[in-house]
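Read the structure below first, then the notes.
The values are calculated or read from the model by the stated rules, or taken from the named source; none is laboratory data. Bear in mind the structure is a predicted one, so any value in this text is a computation, not a measurement. Note that each Cβ is placed from the backbone with ideal geometry, even for glycine, and that neighbours are counted across all protein chains shown.
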Amino acid sequence: MGPCRFLNPRSPHRGKSRRELGIGPGSVLEWDDDGEKVVVRKAGRYSSEDIHRAVFATPPKARTLEELKDAIGRHVRDKHARR
């Protein structure tokens, strides 16, 4: 979709809509044309793929089934232990 203005400058609902979306002058917006409707959202700084790569930068160490069962047992005992 081509460049266009977010809201009519004379619209009485302009300020309320901007507050609800958390946008102001200079905000970057994403416009998605979905056939019968247009979806406008505030552009994020990072995509979900960027976040996934940052959180899961290295794959987890492979564990045996026995190690996994032992870890679950320890966790349950620690979580439900009487003080």
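Surrounded by fewer than 10 Cβ atoms within 10 Å (Cβ to Cβ), assigned to a loop (DSSP other than H, G, I, E, B), of a type in the set (D, E, K, R) and under 17 Å from the mean Cα position of the chain (by Cα): is that true of Arg82 in this structure? In short, no. Is segment 37-52 home to any residue that is more than 23 Å from the chain's Cα centre (by Cα), in a helix (DSSP H, G or I), surrounded by 10 or more Cβ atoms within 10 Å (Cβ to Cβ) and not charged (D, E, K, R)? No: zero hits.
Criterion applied to Ile72, Ile23 was being touching a Leu at 6+ places or on another chain (Cβ under 9 Å) and modelled with pLDDT of 75 or more, and the one residue passing it is Ile23. Scanning segment 15-36 for residues that are part of a helix (DSSP H, G or I) and surrounded by 10 or more Cβ atoms within 10 Å (Cβ to Cβ) turns up Gly15, Lys16, Ser17, Arg18, Arg19, Leu21.
Across segment 36-65, the qualifying residues are those that are of a type in the set (A, V, I, L, M) and closer than 26 Å to Arg18 by Cα, and the one among them that is modelled with the highest pLDDT is Val38.
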